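The values are calculated or read from the model by the stated rules, or taken from the named source; none is laboratory data. Keep in mind the model is a prediction, meaning the values are calculated, not measured. When we count neighbours, we look across all protein chains shown, and the Cβ atoms used for this are built from the backbone with ideal geometry, even at glycine.
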Amino acid sequence: MQTLVTDSAEKAADILKSGRVVAFPTETVYGLGASIYHADAIRQLFRAKGRPGDNPLIVHIYSIQQLNEVASEINDAANKLINRFFPGPLTLVVKKNLGVPTSVTAGLDTVGVRCPANPVAREFLRHCGCPVAAPSANLSGLPSATSWETVFEDLNGKIDGLLRGEASSIGLESTIVDCSGKLPVLLRAGSITFEELQTVVPEITAYGVRDKESPPKSPGLKYPHYAPKATIRLWRAWEKSVVEPLSAYIGLSSPPGDVLLLNICKSLDDYGRELFSFFRLCDAKGIKVIYCELPSNRGLGRAIRDRILRAAGENSECEETSQSV
Ligand code: TXA
Ligand code: MG
């Protein structure tokens, strides 16, 4: 299959409307889109990513009016969050409309809905004219793609189109809040922080704090995520450690020692934006160990922490923070 790389949102939307799969930029990470109404395209999307069929897709809409097409019930908490954060880097899990095929939601009676703010994403979705199912546009298990070049690396020859845009300005996947129950629950931390959510819906809890005994709320939780080929080592500024050869470091403070690749981030925003692209760069350079400084659990730190811990294959601490999916 030939992957057409285009700068035209209209051309990319035409490919999608003809029942095929197209990657597109968003402010969080690149998405791999298919019309929710084209069963073949949805199947191809799962195949191209190598994604297990029991992991549901987020549905992307252009306008709040389109919500009725995918959701059957928007409760009070969901309404408040929509008013405050749509369009933006927030996904809400709500009761799904019958019109949304179960292949999109992996058999669940809920659906994740997101209305991105990125202007190129918005133009694309406007031309599509239908709800667009889109997971992150990377091979399953690898760090999400935050640039069109990375999408191309992972998926060239496996998808029909790639809408070229700028690198994602946030670089971490959207915050996910489950609004399908009585109280809103944070399922995945993101750039809209838990503290910000609390100002709008004070009753919100983080999944895992109260529900330790219950099964994962999000099917994606049971799969490994964000993992580069290199081994991730958690590093805390006060710890002394012997730096291994062929290693790299990313964090806010100075590195543990001499490393081959160094990324001292100026702010948490930079840390979030650069984390996945740094993982990818390390793999390309043959780095064997990446030391990552764990930020505190406050604000954006919570999301960065969560991705690092998951990339390191450590889920235990996330239970106290949030569930990444
Ligand atoms: O920023 C993002 O959210 C990006 C861009 C492209 O929008 N998308 C993204 O999709 O990260 P994905 O598939 O890589 O991660 C979405 C996660 C999945 O792992 C899935 O388990 C969870 O959202 N999810 C989707 N629908 C759900 C539902 N109805 N209930 C619970 N979790 C759901
Ligand atoms: Mg993903």
Only residues that are in a loop (DSSP other than H, G, I, E, B) and within 13 Å of the chain's Cα centre (by Cα): list them for the stretch 170-180, please.
170, 171, 172, 173, 174
For the stretch 102-114, indicate whether the set of residues that are more than 12 Å from ligand 1 (Cβ to nearest atom), not β-branched (Val, Ile, Thr) and not in a loop (DSSP other than H, G, I, E, B) is non-empty.
yes
Which one of these does residue 188 not meet: (1) closer than 28 Å to residue 120 by Cα; (2) away from ligand 1 (no atom under 16 Å from the Cβ)?
(2)
Scanning the stretch 173-196 for residues that are within 16 Å of ligand 2 (Cβ to nearest atom) and within 23 Å of residue 105 (Cβ to Cβ), the one surrounded by the fewest Cβ atoms within 10 Å (Cβ to Cβ) turns out to be 187
Among (1) in a helix (DSSP H, G or I); (2) modelled with pLDDT of 95 or more, there is one condition residue 65 misses while meeting the rest; what is its number?
(2)
Hits in the stretch 115-129 (condition: within 10 Å of ligand 1 (Cβ to nearest atom) and assigned to a helix (DSSP H, G or I)):
121
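How many residues does the stretch 86-98 contain that are in contact (Cβ under 8 Å) with a residue 40 or more places away in the chain and either away from ligand 1 (no atom under 13 Å from the Cβ) or in a strand (DSSP E or B) (or both)?
Going residue by residue through the stretch 86-98, those that are in contact (Cβ under 8 Å) with a residue 40 or more places away in the chain are 88-95.
Subsequent filtering for residues that are either away from ligand 1 (no atom under 13 Å from the Cβ) or in a strand (DSSP E or B) (or both) retains 90-95.
Summing the residues that are in contact (Cβ under 8 Å) with a residue 40 or more places away in the chain and either away from ligand 1 (no atom under 13 Å from the Cβ) or in a strand (DSSP E or B) (or both) in the stretch 86-98 gives 6.
For every residue, the table says whether it meets (1) out of contact with any His (no Cβ under 9 Å at 6 or more places or on another chain); (2) within 16 Å of ligand 2 (Cβ to nearest atom); (3) of a type outside the set (Ser, Thr, Tyr).
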| site | (1), (2), (3) |
| --- | --- |
| 75 | yes, no, yes |
| 78 | yes, no, yes |
| 89 | yes, yes, yes |
| 103 | yes, no, no |
| 106 | yes, yes, yes |
| 116 | no, yes, yes |
| 131 | no, no, yes |
| 134 | no, yes, yes |
| 137 | yes, yes, yes |
Anything in the stretch 12-43 that is in contact (Cβ under 8 Å) with a residue 60 or more places away in the chain, part of a helix (DSSP H, G or I) and more than 13 Å from ligand 1 (Cβ to nearest atom)? List them, or say none.
12, 13, 14, 15, 16, 17, 39, 43
Close pairs from the stretch 61-84: first under 12 Å from residue 95 (Cβ atoms), partner of a type in the set (Lys, Arg), Cβ under 6 Å, at least 6 apart:
72/95; 73/95
Please verify whether residue 15 is in contact with a helix residue (DSSP H, G or I) (Cβ under 9 Å, 6 or more places away or on another chain) and farther than 26 Å from residue 273 by Cα, treating the condition exactly as stated.
no
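Looking at 136, 140, 72 in this structure, which one is of a type in the set (Gly, Ala, Ser) and over 18 Å from the mean Cα position of the chain (by Cα)?
72
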Taking the stretch 156-172 as the search range and keeping residues that are closer than 22 Å to residue 42 by Cβ and charged (D, E, K, R), which one is nearest to ligand 2 (Cβ to nearest atom)?
158
Could you list, in sequence order, all residues of the stretch 130-159 that are outside any loop (DSSP other than H, G, I, E, B), more than 10 Å from ligand 1 (Cβ to nearest atom) and not β-branched (Val, Ile, Thr)?
148, 149, 152, 153, 154, 155
